[in-house]
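The values are calculated or read from the model by the stated rules, or taken from the named source; none is laboratory data. Quantities reported herein were computed from a predicted structural model and do not represent experimental measurements. Reconstructed Cβ throughout: ideal geometry from the backbone, glycine too, with neighbour counts over all protein chains shown.
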Amino acid sequence: MSDERWELKQDDELFPSMLREEMTAHISVLYGRGNAEVLNEPCISVIGARRATPYGIAIAEMAGRVAAESGVVVVSGGAMGCDHAASRAALDAGGRTVIVAGCGADRVYPASSRDVFEGALEHDGAVVAIESWGTPPQKHTFPKRNVVIAALSPVLLVAEAGERSGTMSTADAALALDRIIYAAPGSIFSPTSQGTNRLICEGALPICSEVDLETRLSMDYGVLRVMADGVTPQMGELISALVATPLRPDDLAPRLGQSVLTLLCTLADYESRGIVEHLPDGRYGLTARAYQEYRTSGSFAGTTLCNTEGT
């Protein structure tokens, strides 16, 4: 693990060019550990909700993986939820990540993200901060951190965001800095997709599939993805309905032309297989594992719907 500490001022050769151009009034010193050179390589910032849904986690994981396979460094805040998912996926795909901490660069916050902080250092990435060494996480440090996340990359991808959130404050900063915004659309009924849907309405580029993201990266970075497979998922009606948003059995029944009892049978079967989960409000949604399997293989191994598919 490269744990070398460094401090970069704006006149230093390794000071990130993206920050030098836009942040002269906000950053006097950038503190960091790891590989400082990675800060000037092609990178994309990936953000999203901390309390993300399985859908949001799946989008962030896809973004991290596709970026890594395209040779683009993934920048995140290292927070729980979408940030962690994006950086973890990038590392698992053999890529690199830069964590912009909301505390000193020699600290880890949150503790649950230690694996991506350490992974960044172990795999030729970096952990950076604008707070001095030893600074603990504080409420006022995160809005400043979010601006750095937005500024560090030419493109910001928003995986999932509520209307009023730290994620949206980062997106607003990126818009003010004239960065390109990618956003994953979600259900109009999902509170956690209200922010991303608004961004798309205001001109953000919608990422509607893995192929969309691969194509956008190719156009905006001039890169080709090494591991692209072009798989188009095929799913049954019930699973397709739940991909968009969690739903209650009585809402699903008229949509699929099935009785509530039949759907409850199917949902119980799928829950036992770890494909769906029963949420506290009575709705059913796909699990994180199910989203992952859907994206990678386009199907769910060994599943048979109770009279809702194949008819």
Next item on the list: Find the helices (runs of 4 or more DSSP H) located wholly in the stretch 225-311 whose residues include 3 or more that are under 29 Å from residue 90 (Cβ atoms), at pLDDT 55 or above and not assigned by TED's automatic domain parsing to the domain that holds residue 62, and list them.
Entry: 237-244, 288-297
Next item on the list: Of all residues in the stretch 68-106, count the ones that are under 20 Å from residue 225 (Cβ atoms) and in a loop (DSSP other than H, G, I, E, B).
Entry: 7
Check: What number of residues within the stretch 175-209 satisfy the criterion of being β-branched (Val, Ile, Thr) and part of a strand (DSSP E or B)?
Finding: 2
Margin query: Residue under question is residue 17, and the condition is that it be small (Gly, Ala, Ser) and either at pLDDT 95 or above or not assigned by TED's automatic domain parsing to the domain that holds residue 194 (or both); does it hold?
Written below: no
Item checked: the stretch 107-156, residues that are in a loop (DSSP other than H, G, I, E, B) and either of a type in the set (Phe, Trp, Tyr) or closer than 23 Å to residue 68 by Cβ (or both) -> 108, 109, 110, 123, 124, 125, 133, 153, 154
Next item on the list: Go through the stretch 35-66 residue by residue and tally those that are assigned to a strand (DSSP E or B), of a type in the set (Val, Ile, Thr) and closer than 14 Å to residue 217 by Cβ.
Entry: 2
Item checked: Residue match in the stretch 186-204 (condition: in the same structural domain as residue 53 (by TED's automatic domain parsing), surrounded by fewer than 22 Cβ atoms within 10 Å (Cβ to Cβ) and under 20 Å from residue 69 (Cβ atoms)) -> no
Checklist line | Selection within the stretch 109-141 - in contact (Cβ under 8 Å) with a residue 60 or more places away in the chain, surrounded by 15 or more Cβ atoms within 10 Å (Cβ to Cβ) and among the hydrophobic types (A, V, I, L, M, F, W, C) | finding: 120, 121, 126, 127, 128, 129, 130
Check: Within the stretch 102-111, can you find the residues that are closer than 10 Å to residue 136 by Cα and under 19 Å from the mean Cα position of the chain (by Cα)?
Finding: 102, 109
Notebook entry, point to check: Going through the stretch 82-108 one residue at a time, which ones are of a type outside the set (A, V, I, L, M) and crowded, with 24+ Cβ neighbours inside 10 Å?
Noted result: 82, 83, 84, 87, 96, 97, 102
Next item on the list: Would you point out the residue of the stretch 21-53, among those that are surrounded by fewer than 14 Cβ atoms within 10 Å (Cβ to Cβ) and farther than 23 Å from residue 63 by Cα, that is modelled with the lowest pLDDT?
Entry: 24
Check: Out of curiosity, is residue 73 at pLDDT 95 or above and within 22 Å of residue 210 (Cα to Cα)?
Finding: yes
Item checked: Tabulated pairs, the stretch 65-81, first surrounded by 24 or more Cβ atoms within 10 Å (Cβ to Cβ), second assigned to a strand (DSSP E or B) and among the small types (Gly, Ala, Ser), C-beta under 6 angstrom, 6+ apart or interchain -> 75/45
